[in-house]
Amino acid sequence: MAHTLPDLPYALDALEPHIDAQTMEIHHGKHHNTYVAKLNEAIAGNAELEAKSVEELVSNLDAVPEAIRGAVRNHGGGHANHSLFWTVLGPNGGGEPSGALADAINAEFGSFAGFQAKFEAAGATRFGSGWAWVCVNSE
């Protein structure tokens, strides 16, 4: 399957004044689209890899030939990260969390500021845009 650029779940100008429409167009239409194109280029001609979703590719990099593993990790990861990123932004989002999420952050990191510092440090060591995600393990 050829990987494709997902549509944004909102208009390009929906996040203004925080992120303007031109920045969204560049970041979605150019940067994210380049990750998609480079991923497709890396796996071109390998029917087994072409049949996998981006999540399947990046979650099992040991199954990707070493010659293209870095490209699949970087470009597939960029595609997967951006695809999630667009879904967690919203016109009325932002601010400090409240309720159970705030309680969990405070318990784990001491404060929201403590969380932000660790989160930013984690992202600063990553390829490309410096992706870092906070996930909850239900166990």
**Report entry** Ranking of VAL134, VAL88 by count of other Cβ atoms within 10 Å, fewest first
**Finding:** VAL88, VAL134
Requested in this report: Rounded, prolate or oblate: pick one for the chain, where a ≥ b ≥ c are the square roots of the eigenvalues of its C-alpha gyration tensor, a/c under 1.5 means rounded, and failing that, prolate if a/b is larger than b/c, else oblate.
Outcome: oblate
Report task. Between TYR10 and ALA67, take the C-beta separation as r, use R0 = 30 Å, and let me know the FRET efficiency to the nearest 0.05. Result -> 0.20
Requested in this report: Over the chain, calculate the relative contact order: mean separation of alpha carbon pairs under 8 Å at least 6 apart, over the residue count, as a percent.
Outcome: 21
Requested in this report: Please report how far the C-alpha centroid of region 74-139 lies from that of region 5-28, rounded to the nearest whole angstrom.
Outcome: 19
Requested in this report: Could I have the simple spin-label model distance between PHE119 and SER53, label points 7 Å from Cα toward Cβ, reported in nm to one decimal?
Outcome: 2.5
Report summary line: With label points set 7 Å from each Cα along the Cα-to-Cβ direction at ALA107 and HIS18, the distance between them in nm comes to 2.6
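Each value in this text was obtained by applying a stated rule to the coordinates, not by laboratory testing. Note that this is a predicted model, so its numbers are computed, not measured. Every residue, glycine as well, gets a Cβ built from its backbone with ideal geometry; the counts of neighbours run over all protein chains shown.
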